[in-house]
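Worksheet: one structure, shown below.
The values are calculated or read from the model by the stated rules, or taken from the named source; none is laboratory data. None of the values given here were measured: they were computed from a predicted structure. Neighbour counts run over all protein chains shown; Cβ positions are idealised from the backbone, glycine included.
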Amino acid sequence: MVTLTTERLLLRPFRRNDVTVFAHLAGDWAVASMTSDIPHPLSEHQAMAWLRPGRGEVRFAIELDGELIGGAGFYRRRSGAAELGFWLGRPWWGCGYATEATRTVVRYGFEARRLPGFTSSHFVDNQASEAVLRKLGFEPVGRGTIACVARGCDVEAVTYWLPPRRAAVSQPLEIATRAPRWRAWLNRLAGRPA
């Protein structure tokens, strides 16, 4: 399990006990209606299923001062490139947290996962996500429609591309991995820090 840190945030795997806060924040119409795959209303049962990443997915909880405030991650396409996705609870909009978190997720994808590039999309009525993607160096490459579960229809969207050379990821990447329990146990036996 990988944990990433930024200047203000902790990006960690989602946990089962995140379900209530996740359902409340992500299930907010203002949030869910700007994502393709989060329903509205969002039950805790649906949230629990959403918290478990599928094959090829990397999902991080965005935490500020010990509090869950959003999520960011990607899934790898057959082409090898990854699709970046993110959301942030409404109380934390406009503070730069989405840009800070996604910049770190993109850097992780390029450096640790050796991804050849990222795609991402935003609905045409979502200027906040457009601003985040442009700050990261994404360039628009097309338009189309994407299904929105919350809205119950297809919505016009802009698709973006980000190759490694254009990525605006200047801050150092800090990755923490949880050592296997057996390694910690062996270190304790040897008198070394776990």
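Overview of results
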read-out: Evaluation of T20 against (1) crowded, with 18+ Cβ neighbours inside 10 Å; (2) over 16 Å from the mean Cα position of the chain (by Cα); (3) of a type in the set (V, I, T) (one fails), failing number; value: (1)
read-out: Filter result (in contact (Cβ under 8 Å) with a residue 40 or more places away in the chain, among the aromatic types (F, W, Y) and closer than 27 Å to V155 by Cα) within the range 1-59; value: F22, W29
read-out: Criterion violated by R77 - all others in (1) over 23 Å from G152 (Cα atoms); (2) modelled with pLDDT under 95; (3) under 15 Å from the mean Cα position of the chain (by Cα) satisfied; value: (3)
read-out: Count - residues of the range 9-36 that are part of a loop (DSSP other than H, G, I, E, B), out of contact with any helix residue (DSSP H, G or I) (no Cβ under 6 Å at 6 or more places or on another chain), farther than 15 Å from G66 by Cα and not β-branched (V, I, T); value: 4
read-out: Scan of the range 137-154 for residues that are under 22 Å from W50 (Cβ atoms) and in contact with a strand residue (DSSP E or B) (Cβ under 7 Å, 6 or more places away or on another chain), ordered by number; value: I146, A147, C148, D154
read-out: Within the range 87-97, tally of residues that are part of a helix (DSSP H, G or I) and surrounded by 24 or more Cβ atoms within 10 Å (Cβ to Cβ); value: 0
read-out: Subset tally (residues that are surrounded by fewer than 14 Cβ atoms within 10 Å (Cβ to Cβ) and part of a helix (DSSP H, G or I)) for the range 37-72; value: 3
read-out: Members of the range 104-147 found to be assigned to a strand (DSSP E or B) and over 18 Å from Y75 (Cβ atoms), listed by number; value: F123, E139, P140, V141, G142, R143, G144, T145
read-out: Among (1) out of contact with any Ser or Thr (no Cβ under 6 Å at 6 or more places or on another chain); (2) within 27 Å of R143 (Cβ to Cβ) - the single one F86 does not satisfy; value: (1)
read-out: Meets criteria (surrounded by fewer than 12 Cβ atoms within 10 Å (Cβ to Cβ) and of a type in the set (A, V, I, L, M, F, W, C)) for A26; value: no
read-out: Qualifying residue in the range 73-86 (condition: within 19 Å of G27 (Cβ to Cβ) and surrounded by fewer than 20 Cβ atoms within 10 Å (Cβ to Cβ)); value: no
read-out: L68 being within 13 Å of the chain's Cα centre (by Cα) and modelled with pLDDT of 95 or more; value: yes
